[in-house]
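*Asks:* The structure follows.
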Amino acid sequence: MGVILIANLSANGQVLLAGNPAHAAPPEALGFFIQKAIEKGNIVIGRKTFDVLQQFPGGASQVLPGVEIVLLSTTGAKSDHKVVDSPAKALDYLHEKGFTDVIVGGGAGTFNAFLEDGLITEVYFNTIPMIIGDGGIIGTNDLHMKFEIVEHKLLTRSIAQIHLNKI
């Protein structure tokens, strides 16, 4: 199963946190995230990222029409969507639904849970030209994974994207 991580990063490599208004990613980065989730038909996100999507008109279901939304929460979040407490349970659930690729859309805790379990096969990093000191960190503990660059491009004049595949 392909497990695709999509993250918006500052120029100094910190995750732009969805709940922090100073970390707002440009609409084009959000559009890429939404496009990939709709293309694959699913997304796994943490509660804080879900809460931000709920603030849009019509909520997460309107922003991601037809997308199977899975919340990764170890605190027992309540939702009309599927809630799981581990990346493996998210993948099992989506596999049972017939998906062959899964989008992991954040936040930092969700990214790290999938990375620490060695489940990420592909990554899109959207780098936004800002330097922050209060973002999330991708890669904790003794994590060591190798990737190869598949593509790099400018999404806009203000967003550099790098696409990686796990070696």
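The values are calculated or read from the model by the stated rules, or taken from the named source; none is laboratory data. Worth saying up front: this structure is predicted, and the values here are computed from it rather than measured. In case anyone asks, the SASA skips ligands and DNA or RNA and just uses the protein heavy atoms, side chains included. Shrake-Rupley method; radii C 1.70, N 1.55, O 1.52, S 1.80 Å.
*Asks:* For region 123-165, what size does the Cα cloud have along each of its three principal axes, sorted from largest down, in whole Å?
*Replies:* Dimensions of region 123-165 along the principal axes of its Cα atoms: 35, 29, 9 Å.
*Asks:* Once amide H atoms are built 1.01 Å from N in the peptide plane, which residues 5 or more positions from VAL83, or in another chain, come under 5 Å H to H?
*Replies:* LEU71
*Asks:* Next question. Identify all lysines with a Cα-Cα distance to LYS48 below 23 Å; exclude those on the same chain that are fewer than 8 residues away in sequence.
*Replies:* LYS36, LYS40, LYS78, LYS82, LYS89
*Asks:* For region 1-154, restrict the atom set to alpha-carbon positions and state the Rg and Dmax in Å.
*Replies:* According to the Cα coordinates of region 1-154, Rg and Dmax are 14.6, 41 Å.
*Asks:* Pairs of Cα atoms under 8 Å, at least six residues apart: use those to get the relative contact order of region 31-167, whole percent.
*Replies:* Relative contact order for region 31-167 comes out at 21 percent.
*Asks:* Of ILE137, ILE38, ILE149, which is the most mobile in a GNM of the chain whose springs link Cα atoms less than 10 angstrom apart?
*Replies:* Highest fluctuation among the options: ILE149.
*Asks:* Calculate, for region 45-107, the solvent-accessible area per residue in square angstrom, rolling a 1.4 angstrom probe over the heavy atoms of the protein chains.
*Replies:* That works out to 53 Å² for each residue.
*Asks:* Follow-up. Report the antiparallel proportion of the DSSP beta bridges in the chain as a percent, rounded to a multiple of 5.
*Replies:* Numbers: 16 of 36 bridges.
Of the beta bridges lying entirely in the chain, close to 45 percent run antiparallel.
*Asks:* Percent of alpha carbon pairs in region 82-128 separated by more than 12 Å?
*Replies:* 65
*Asks:* Now for a separate question. Can you compute the helix-only [θ] at 222 nm over the chain? Use -39500 (n - 2.57) per DSSP H run of at least 4 residues, normalise by all residues, nearest 500 deg cm²/dmol.
*Replies:* For the chain, the value works out to -8000 deg cm²/dmol.
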